[in-house]
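Read the structure below first, then the notes.
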Amino acid sequence: DSLHKGVQFLIPKTNILLTGGIDDVWINPKTQELIIVDYKATSKAEAVSIEADWQISYKRQAEVYQWLFRKNDFKVSDIAYFVYCNGRTDADRFDHRLEFDISFIPYQGNADWVEPMCYELYKCLRSDSIPEYGKDCDFCQYFLTIDTTLRKAK
């Protein structure tokens, strides 16, 4: 039930319930490992991939899902798949029909970072001080711009 519950794990000593709404799970019949599958959709002329800098979030999402399933005592493959549906733009007419090229993109996940990051996040949330702005964080840069603008307006 990915929209209402998904897979969950209560991080020990934190009271943080980490939840993920997985799109699909396949089973490797040879190894009985679960395979995390995430569906993506777009419509662009070039071939789809998961190599753009901003797509690190896709990879992290798959790794969190792998970690959550392992924490729930499932045997999980290190390979996740992205099923990417790319809307075709070369049709002569629409005719109330969308057509897609579908790509299966394997991804070798490594969820070793997830648990330590959960404890770092917990430590940050429990801190009495606000963390420094991140140079590479789009959200931080946005708020830094707002903060600077407001200070100048005073």
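Key figures
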{"read-out": "ARG93 part of a loop (DSSP other than H, G, I, E, B), of a type outside the set (A, V, I, L, M) and over 27 Å from PRO29 (Cβ atoms)", "value": "yes"}
{"read-out": "Of residues in the stretch 46-73 being in contact with a helix residue (DSSP H, G or I) (Cβ under 7 Å, 6 or more places away or on another chain) and among the β-branched types (Val, Ile, Thr), the one surrounded by the most Cβ atoms within 10 Å (Cβ to Cβ)", "value": "VAL64"}
{"read-out": "Which listed residue is under 18 Å from the mean Cα position of the chain (by Cα) and not polar (S, T, N, Q), from LEU10, LEU18", "value": "LEU18"}
{"read-out": "Selection status of SER103, touching a strand residue (DSSP E or B) at 6+ places or on another chain (Cβ under 9 Å) and surrounded by 15 or more Cβ atoms within 10 Å (Cβ to Cβ)", "value": "yes"}
{"read-out": "Every residue from the stretch 27-69 that is in contact (Cβ under 8 Å) with a residue 60 or more places away in the chain and not in a strand (DSSP E or B)", "value": "LEU68, PHE69"}
{"read-out": "Residue match in the stretch 12-26 (condition: open to solvent by 50 Å² or more (accessible area, probe 1.4 Å), of a type in the set (A, V, I, L, M, F, W, C) and assigned to a loop (DSSP other than H, G, I, E, B))", "value": "no"}
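Yes or no, residue by residue, for (1) more than 28 Å from SER49 (Cα to Cα); (2) more than 17 Å from the chain's Cα centre (by Cα):
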{"position": "TYR81", "(1), (2)": "no, no"}
{"position": "ASP95", "(1), (2)": "yes, yes"}
{"position": "ASP101", "(1), (2)": "no, yes"}
{"position": "ASN110", "(1), (2)": "no, no"}
{"position": "TYR133", "(1), (2)": "yes, yes"}
{"position": "ASP138", "(1), (2)": "no, no"}
{"position": "LEU150", "(1), (2)": "yes, yes"}
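The values are calculated or read from the model by the stated rules, or taken from the named source; none is laboratory data. The structure displayed is predicted, hence computed values, not measured ones. So basically every Cβ, Gly included, is an ideal-geometry build from the backbone, and we count neighbours across all protein chains shown. Protein only, heavy atoms only, side chains kept; ligands, DNA and RNA dropped before computing areas. Shrake-Rupley method; radii C 1.70, N 1.55, O 1.52, S 1.80 Å.
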